[in-house]
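> First the structure, then my questions, so here it is.
Laboratory data are not the source of any read-out in this text; all were calculated from the coordinates shown. Quick caveat, the model's predicted, so the values are computed rather than measured. Neighbour counts are summed over all protein chains in view; Cβ atoms, including those assigned to glycine, are modelled from backbone coordinates with ideal geometry.
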Amino acid sequence: MLGKDINTTVLTGVDGKQLTVVGTAEIELSIAAYACCMDFVVIENMAHNVILGLESLNNLQAVVDLSNSTLSIANNLVTVPLIRRIPARNILRTVTAVTIKPMHEIRIPVKIAANYSPCPSMVESLITSRAKPILVAKVFVDPKSYVTVCQVANISENPYKLNARTALGTITPADLLSTLDEQLKPKTTLWRCASSFYLGPLL
């Protein structure tokens, strides 16, 4: 509910124009398993749903770890990944609707975007899906078409339905690395994707 008493402080946007203040509201803020009530100023036509300022982050005892892309709050009681913008071409979406049984793991066919060039790649969980009772395995794939698979587990005690075209994971190219370790098996290859490594058989 919007409050009647509005702070008379003038707020301006990055373009220097004054922002239209609608009112104030006390809202329950939930970050992973941590919840608290905070006072917010409601602004008309904002591009973002919520902006937390330094004062709010300080009250939350927040620590922003840019090197590991995480946000910790309440004296490290809860740590969540920072959301990064992922290009649409790297998003994997379910081909059809599927229901995963409780405490089950299955492979689900997923669609690769038409503007992504199929190549040896790493599949990882989409950050937004981490709030759901499902886990997406990090796996290496070498797709020859615009359909690949995601290994998905339902860790809840209830069936979980994924609708068709649900954004489920991300796919990014993996770079083939040469290795100087001659003790590796002849058919073993080291793949690199961003800061992650996968050691597996050469397909």
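> Assuming 0.36 nm per residue, please report the length gained on full extension of the stretch Tyr146 to Ile27 beyond their Cα-Cα distance. List each step's numbers first, then the result.
Details: separation 119, 0.36 × 119 = 42.84 nm, distance 4.28 nm.
Taking Tyr146 through Ile27 to full extension adds about 38.6 nm, to one decimal.
> Which pairs, out of Lys111/Lys132; Lys101/Lys132; Lys111/Lys144; Lys101/Lys161, put more than 18 Å between their alpha-carbon atoms?
With Cα atoms farther than 18 Å apart: Lys111/Lys132.
> Can you tell me how much longer the chain between Cys37 and Leu135 gets when fully stretched, taken as 0.36 nm per residue apart minus their C-alpha distance, in nm with one decimal?
Computed gain between Cys37 and Leu135 is 32.4 nm.
> Cut-off is 10 Å between beta-carbons; in what order do Leu71, Leu92, Leu52, Leu77 appear when sorted fewest neighbours first?
Neighbour counts put them in this order, fewest first: Leu77, Leu52, Leu71, Leu92.
> Multiply the residue gap between Ala164 and Ile51 by 0.36 nm, knock off their C-alpha separation, and tell me the result in nm, one decimal place.
37.5 nm
> Applying 1/(1 + (r/R0)^6) with R0 = 35 Å to the Cβ-Cβ distance of Asp65 and Thr99, what FRET efficiency is obtained, to the nearest 0.05?
Using R0 = 35 Å, I get an efficiency of 0.40.
> So if we plug the beta-carbon distance of Glu44 and Val80 into 1/(1 + (r/R0)^6) with R0 = 30 Å, what FRET efficiency do we get, rounded to 0.05?
Rounded to the nearest 0.05, the efficiency is 0.55.
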